[in-house]
Structures are given as structure tokens and as C-alpha cells.
Amino acid sequence: MITHMKNLTREELRAFFAARGEKPFRADQVFEWMYRHGARDFAEMTNLAKSLRENLENDAPLLTLKIEKSLISTRDGTRKYLYRTADGCLIESVFMKYRFGSSVCVSSQAGCRMGCVFCASGQNGLTRNLTPGELSDQLLLARRDTGEDIRHLVVMGTGEPMDNYDNVLKFLKNITDPAGLGLGRRQISVSTCGLMPGMERFLRDMPQANLAISLHAPNDAIRTRIMPIGKVCGVRDILAFARRYVADSGRKITFEYVLIDRLNDRPEHADELAGNLRGLNCLVNLIPLNHVAETGFAPSSAAAARAFKERLEAKGVGATVRRELGSDIAAACGQLRLAAGADQPLNGDHFFENPID
Ligand code: SF4
């Protein structure tokens, strides 16, 4: 049976090698080659016996993705990657450069079944969950391609991470394992539309990592119009969880808020939101909507976004307006997939700015 190496934890790798009559330390060697050195094939693993490398090459593939296309911003070094999975799914990731270091935003699913109406990625539903290896390779291939030491990760691309929780958790454990890449948990941010079971598990499993909740509205009446999940998990439930998250983890929580013209960007919406968040250690990340013709929604003006932010701040709620990175290649977001034969464009606005504090 074919086993993708990066779908296994280090413990599972040990069992894999033990079953082949190999010493457990082989697992540590392979793990280090994959995550610390970003090896693309077993031939690079020169401290393994040649016969073992050849056997592994045949029945334990290392790479789960192939770079189909990439675009590089000449302004700020942002790179957008289109990857193809072994079964032909097309997924996107974004590499970004910040003052504090480099970051990658990865997708957690091929498609999405959450159905947020302002989002092009979810329009065709879910194709499938991405595996831990496919999640890792989005980061590892970007690191190898850019030659940059990536120390920050955001799981905010296409898909709902809490709807693919087990694979996302295994991926996070693998990339934070000190025997490999050793990414700091505090340098990781995961964004959710508000799937409560996953958020509860995340608080228990990864309390040191950052959580961002896509709120997008100050009340259920507006939220349920744009996010079907709002009917399952209301604003009140999210706020109650957020207060517990902050108390239990000691971390600030981020709320994502896509600004949609006249739907959720009026002064009274800012006031209601500020009232909801009073006293909570949080940051509101305001994101002007990316225009998607089929949705019928329009982005808020820059002036409305600024006024919304200032109104929140005046009431004591910290807020940022997303900085545009890779603006010279933004138009190609989704067109990467279209150009490669995908039937549905991706909305580039999934790829949010890293809210790491
Ligand atoms: S915004 Fe996120 S959760 Fe909602 S449909 Fe799009 S990918 Fe899914």
C-alpha cells in the first residue's frame, strides 16, 4: 500500500519503519529531511542506505503536490501559487513578506461546503479535504521555491479548517515538531467561520496558536443572510466562546469582518459590533470585499472602511484594515485556477493578512 510520508506523524513514521524492520531513528532522519531540509525526493537523503531509499521511492511518495503555476509581485515579493494534487484538484496558497518575516497562507480544503454567499470558493461546494501532507507541502514547496525561512503560517485560504480538523491538527503538529521545521505555535493563525466543535477542540489542542473567527456582521439578522453557519452558531454563542477562549488561552482573539457596501458597514453596525466586543481582548480585522460579480455584493468604499475602523477604535475596540499585498498580481487570484482549467474562480479575499500580534 502506498503511504504518503507527510501524512504520518513522527510517531507513526517510527511504526512505519519498524514494520519494515528498520530502526526507529530512521523515522527521525526522514522527518528531519522532509521538514527541516525540505527534501523533494529520497535521493537527497544521503544518510539513508541506497537500497532503503530506492524501496521508499517506490512505495512511499514524498511529494503530494506539484506547482502548476506561480505569480510574483514585483512590488512586494508576494507570490501566489497554484498547486495540483495527485488526483487533479487545484488549490492556491500565498507567500507574503512582512517586516517580521515571511508567512504562508494555505488552503485547508479543495472547495468548501460552508456556502458563504460573498465567497466564490464555496460556490461549487466541497471537492474533498486536503491531507496533512498536502497542507505541509503548500508551505514546504513555497519555502523551497522562495528560498526564504518561513516562520509564520496562516490557515486562511480556501476551505474551513475546522471542517477538516483531524488533518489540520496533524499538519500543525508536524510543522511545529522541533525535530523538523519547529515552527512556533504562536506564529500560527487559524481562521474559522465559526464551527463550534472544531473551535472547542482547537482551544484544547492548540491554545498557544492564534484563532481568527469570521464574524462579518454585528448580529444574527445580517450574519445569517451571508453565512449559512450563522443559523447553527449565532453571534451570541461566538462571543461567549471568544470570552472563554481569551480567559483559558491568555491570547487575544481576532475577528475577521468583510466590509460589504450598505450591508454591514454603516455607523450603527460599527456601534453594535463595538458594544458586543466591549471588554474583550480582541482585534477586528476589516477586509474590504473582493468584488465577485455573481454575488451581487459590492465592496465598501475606502472612506467607509476608514470610518468604520475609527468608530470601533473610538469605542475602545482595536481594529485594522487589511493591507493590500501583491496588488499587482491580485487580479490573477482565481485566474490561476481558471487558466489551468478549473471551472470556478477563487476569491482572493480569502487570503487575509496575517493577524499575528
Ligand atoms: S468564506 Fe471560507 S468558510 Fe465561507 S465559503 Fe468561503 S472558504 Fe468556505
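Every number in this text was worked out from the coordinates using simple rules, so none of it is lab data. None of the values given here were measured: they were computed from a predicted structure. Cβ atoms come from the backbone with ideal geometry, glycine included; neighbour counts cover every protein chain shown.
Simple spin-label estimate for ARG151 and ASP248 gives 3.0 nm between the two label positions (7 Å along the Cα-to-Cβ direction from each Cα).
Using a simple spin-label model with pseudo-atoms 7 Å out from Cα toward Cβ, ARG278 and GLU200 lie 3.0 nm apart. Between ASN55 and HIS37, the distance separating the two model label sites (each 7 Å from Cα on the Cα→Cβ line) works out to 2.0 nm.
In sequence order, region 121-128 has phi-based couplings of 5, x, 5, 9, x, 8, 8, 5 Hz under the Karplus curve 6.51 cos²θ - 1.76 cosθ + 1.60, θ = phi - 60°, and Gly or Pro positions carry x. Per-residue 3J(HN,Hα) values for region 161-173, derived from phi via the Karplus relation 6.51 cos²θ - 1.76 cosθ + 1.60 with θ = phi - 60°, read x, 6, 8, 9, 4, 4, 5, 5, 5, 4, 4, 5, 5 Hz in sequence order (x marks Gly and Pro).
Can you check what the Kirkwood hydrodynamic radius comes to for region 5-59, Cα pairs only, in Å to one decimal?
On the way: mean 1/r = 0.0899 Å⁻¹.
One over the average 1/r among Cα pairs gives 11.1 Å for region 5-59.
For ASP237 and GLN208 in the same chain, what is the full-extension length gain: residue separation times 0.36 nm, less their Cα-Cα distance, in nm? Between ASP237 and GLN208, full extension yields an extra 8.2 nm.
Antiparallel versus total DSSP beta bridges in the chain: what percent is that, nearest 5? Write down the numbers at each step before the final one.
Working: 22 of 48 bridges.
Given both bridge residues lie in the chain, the antiparallel proportion sits at roughly 45 percent.
Taking only the alpha-carbon positions of region 65-350 and ignoring solvent, what does the Debye formula give for the base-10 log of I(q)/I(0) at q = 0.09, 0.12, 0.15 Å⁻¹? Taking Cα atoms of region 65-350 as identical point scatterers yields -0.40, -0.73, -1.20.
Using equal-weight Cα scatterers in the Debye expression, the normalised intensity of region 117-256 in log10 at q = 0.13, 0.14, 0.20 Å⁻¹ is -0.60, -0.69, -1.27. Applying 0.36 nm per residue to the separation of VAL117 and ASP76 and subtracting their alpha-carbon distance, the gain on full extension is 11.7 nm.
Net length available on complete extension from ARG144 to THR224 is 24.6 nm, with 0.36 nm assigned per residue and the Cα-Cα distance removed.
For a footprinting-style exposure proxy, rank HIS152, HIS216 by other Cβ within 10 Å, fewest first. Before the final figure, lay out each step's value.
Values: HIS152 21, HIS216 24.
Ranked by crowding around the Cβ, least crowded first: HIS152, HIS216.
Once the Cα atoms are used to define both axes, helix 235-249 deviates from the longest principal axis of the chain by about 50 degrees.
Summary of packing: across the peptides 124-134, 12-22, the per-residue average of other C-beta atoms within 10 Å ranks them, highest first, as 124-134, 12-22. If you take all other residues with their beta carbon under 12 Å from the beta carbon of ARG113, and give Lys and Arg +1 and Asp and Glu -1, the sum is -1. Distant-in-sequence amide contacts of LEU181, defined by a placed amide H-H separation under 5 Å and a gap of 5 or more residues or a different chain, comprise ARG36. Seen against the Cα atoms of the chain and their longest principal axis, helix 132-146 is set at about 90 degrees.
Projected area of region 26-139, taken from the Cα convex hull and averaged over every viewing direction, in nm²? Show your work: numbers first, answer last.
On the way: hull surface 37.8 nm².
Taking the Cα atoms of region 26-139, their convex hull projects to 9.4 nm² on average.
Helical content of the chain, expressed as a calculated mean residue ellipticity at 222 nm, amounts to -10000 deg cm²/dmol (DSSP H runs of 4 or more residues, -39,500 (n - 2.57) each, divided by residue number, nearest 500). Ranked for footprinting exposure by Cβ neighbours inside 10 Å, fewest first, PHE42, PHE241, PHE171 give PHE241, PHE42, PHE171.
What Kirkwood radius, in Å to one decimal, follows from the Cα pairs of region 220-305?
Across region 220-305, the inverse of the average 1/r is 14.1 Å.
Quick check for the chain: number of Lys pairs with alpha-carbon distance under 15 Å, counting only pairs 8 or more apart or on different chains? Numbers along the way, then the final one.
Details: LYS6/LYS66; LYS6/LYS170; LYS6/LYS173; LYS66/LYS80; LYS69/LYS80; LYS80/LYS97.
Lysine pairs meeting both conditions in the chain amount to 6.
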